[in-house]
Amino acid sequence: MINSRQYKLNHKLLLRIVELTISTLIISLTIRPLLFDIHHYFIWVSGFDLVIVSSLYFIIRTQKFAKWEISIALVTAIFLLLPILAISGGVNSQVAYFLPLIPVMSALLGGRIESLLIGFLLVIIVLTFTYYSEHIIDFSDGIYTYEKSHSRGFWLVITIIFSMFFGRFFSQKHTELTDQLKDENLQDHLTGLLNRRGLELHFGKALESVSETSPLSLMLIDVDYFKQINDEHGHDVGDACLVEVASTLKESLREHDIIARFGGEEFIIVLPNTPKIEATVIAENIRQTVSEGVYSSLKLPLTITLGLTETSQENDLILKVIKRADKALYRGKDKGRNRLEWSK
């Protein structure tokens with residue numbers, strides 16, 4: 001499913017393409033007849049295309065068919081080409097050589113389904129023009145090559161089919177690359193947990209379902225005396241400790257819980273649909289599990305301090321919730337560390 005941000009990008013790109021097409025048609029109608037001696041049929045076709053593209057522009061602009069506007073635009077582009085092909089030699093027309101590019105463009109603008117749909121439509125059109133090639137008149141003053149029309153039609157079909165599969169391959173690779181970049185953009189490179197950007201995204205979604213009957217708990221975790229580890233053993237050992245602590249924290253959580261590296265040696269855990277009593281049990285289990293382990297190749301003992309808070313307000317802000325947990329965390333540090341504290 002395309003998110004709202006991706007839709008806005010696609011919508012804006014589509015508008016720019018349609019605007020460019022309208023500008024090109026206007027130039028073709030006003031300047032081209034002054035420079036070249038062309039058949040008046042081409043002027044009529046350009047005028048017809050201008051009306052169709054202008055109508056398409058207003059349809060896209062109103063966003064009444066937001067889910068279908070890309071498909072509508074692609075199908076419209078195909079039908080805009082039909083009159084040009086019909087009066088410029090069909091498959092013998094120079095315009096026909098651009099047809100194999102359309103499935104790839106469809107994959108770029110829409111996706112795999114759009115690429116296949118447009119590709120099959122083009123194949124039907126090319127086969128039709130090839131079959132009736134002897135009845136097509138070339139008004140472009142080009143050399144009519146009836147003998148080669150079937151050969152050109154055949155190779156056009158083959159090329160379009162190849163373009164359809166290439167468009168599908170392109171769409172899949174583009175999706176994989178986009179997902180990979182999205183994951184990398186949301187993940188902490190060291191621990192593999194969510195980073196702050198990823199936390200905001202998932203935390204925001206979790207807050208949307210918060211209510212008095214479905215509270216959310218949050219814990220802010222700090223590794224005790226971590227600076228001493230970096231100073232005494234080096235940052236490579238410190239990084240190894242962070243990776244192992246992150247793994248321990250993640251293994252101690254439920255499947256729907258959210259965990260992120262908040263920065264340095266701090267971690268945040270979001271517990272959706274979890275009241276204070278249940279969150280306390282989870283937090284104490286995490287604290288005890290971490291304190292019982294040893295970390296890095298040096299087998300160093302570590303402890304953590306946890307600041308916890310709970311929210312049942314639907315309109316609570318992410319920063320306010322984190323700030324409350326941060327106050328509890330510093331209170332835990334002041335009381336000697338390796339403990340958990342709550343903040344309202």
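Computed from the coordinates by the stated procedures, all read-outs in this text should not be read as laboratory data. Because the structure is a prediction, the values reported are computed rather than measured. Positions of Cβ are generated from backbone atoms using ideal geometry, with glycine treated the same way; all protein chains shown enter the neighbour counts.
Structure data summary
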item	result
Three-way shape call for the chain based on the alpha-carbon gyration tensor, with the a/c threshold at 1.5	prolate
Gyration tensor verdict on the range 156-302 (Cα atoms; rounded if a/c is under 1.5, prolate if a/b is larger than b/c, oblate otherwise)	oblate
For the chain, built as a Gaussian network whose Cα springs stay under 10 Å, the top-fluctuating residue of I268, I277, I87	I277
Simple label model, 7 Å out from Cα along Cβ direction - W44 to E255, nm	6.5
Built amide H within the under 5 Å cut-off of E266, gap 5+	none
Positive-end residue of I229, S217, F267, charge dipole of the range 190-281 with Cβ unit charges	S217
Spin-label pair I26/N185, simplified geometry with 7 Å Cα→Cβ offset, distance in nm	3.4
Separation between Cα centres of the range 187-265 and the range 277-300, rounded to whole Å	13
Links that overshoot a 22 Å alpha carbon limit, given the list K299/K323; K227/K299; K12/K205; K12/K67; K227/K276; K299/K333	K299/K323; K12/K205; K227/K276; K299/K333
In the range 183-291, GluC sites (Glu not before Pro) in a DSSP loop with at most 12 other beta-carbon atoms within 10 Å	E212, E255
Nearest-ten-degree value, helix 69-87 long axis tilted from longest Cα axis of the chain	20
In nm, spacing of pseudo-spin labels at Q228 and F65 (7 Å Cα→C-beta vector)	7.0
Residue-span extension gain [I17 to S312] - 0.36 nm each, minus C-alpha spacing	101.5 nm
Calculated FRET efficiency for the pair F98/H135, C-beta based, R₀ 25 Å, to 0.05	0.65
